[in-house]
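Okay, so here's the structure we're looking at.
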Amino acid sequence: MTEKTFNASDESQVADRKKKELRGRERELEDLRVVLSTKEGRRFYWKTLCDCGVFKSSFTGNSTTFFNEGKRDIGLKLLADLMEADAKKYLLMTEEAKD
């Protein structure tokens, strides 16, 4: 199956591509909402954010800082996705993490 070549000057193709990307993003967010709907999913997500170093400084004074910043960058993206999907679940996660 050959895919039609994308033409950025074709307004209908651009509109179709935007719709497709929006549907894909909404699917990602819905998947995340499903994960966050369970205590186990929230616990896993919280641990991942912590492992990425989101809540601590990445500075070490040497080249390890670059490695830490890479992990932290991924964690910040995950945190942004969480906030976009369901910010209330973040608050719930912080409460659950205290227990």
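Take the residues in region 13-27 that are of a type in the set (Lys, Arg) and surrounded by fewer than 11 Cβ atoms within 10 Å (Cβ to Cβ); name whichever of them is modelled with the highest pLDDT. Going through the qualifying residues, I end up with Arg27. Selection of region 40-87 for residues being under 30 Å from Leu22 (Cβ atoms), in contact with a helix residue (DSSP H, G or I) (Cβ under 9 Å, 6 or more places away or on another chain) and of a type in the set (Lys, Arg) yields Arg42, Lys71. Within region 35-64, residues that are without any contact (Cβ under 8 Å) to a residue 40 or more places away in the chain sit with their Cβ atoms under 7 Å from residues that are of a type in the set (Asp, Glu), at 6+ positions apart or across chains, in these pairs: Ser58/Glu69. If you go through region 51-73 and keep only what is assigned to a helix (DSSP H, G or I) and either closer than 21 Å to Ala97 by Cβ or not small (Gly, Ala, Ser) (or both), you end up with Asp51, Thr64, Thr65, Phe66, Phe67, Asn68, Glu69, Lys71, Arg72, Asp73.
Taken over region 54-87, the criterion of being farther than 18 Å from Phe44 by Cβ and basic (Lys, Arg) is satisfied by Lys56, Arg72. Against the criterion of being modelled with pLDDT of 95 or more, surrounded by 12 or more Cβ atoms within 10 Å (Cβ to Cβ) and in a helix (DSSP H, G or I), Leu82 qualifies. When every residue of region 28-42 is checked against the conditions, none turns out to be more than 27 Å from Glu96 (Cβ to Cβ) and loosely packed, with under 10 Cβ neighbours inside 10 Å.
The values are calculated or read from the model by the stated rules, or taken from the named source; none is laboratory data. Bear in mind the structure is a predicted one, so any value in this text is a computation, not a measurement. Note that we place each Cβ from the backbone using ideal geometry, even for glycine, and neighbour counts take in every protein chain shown.
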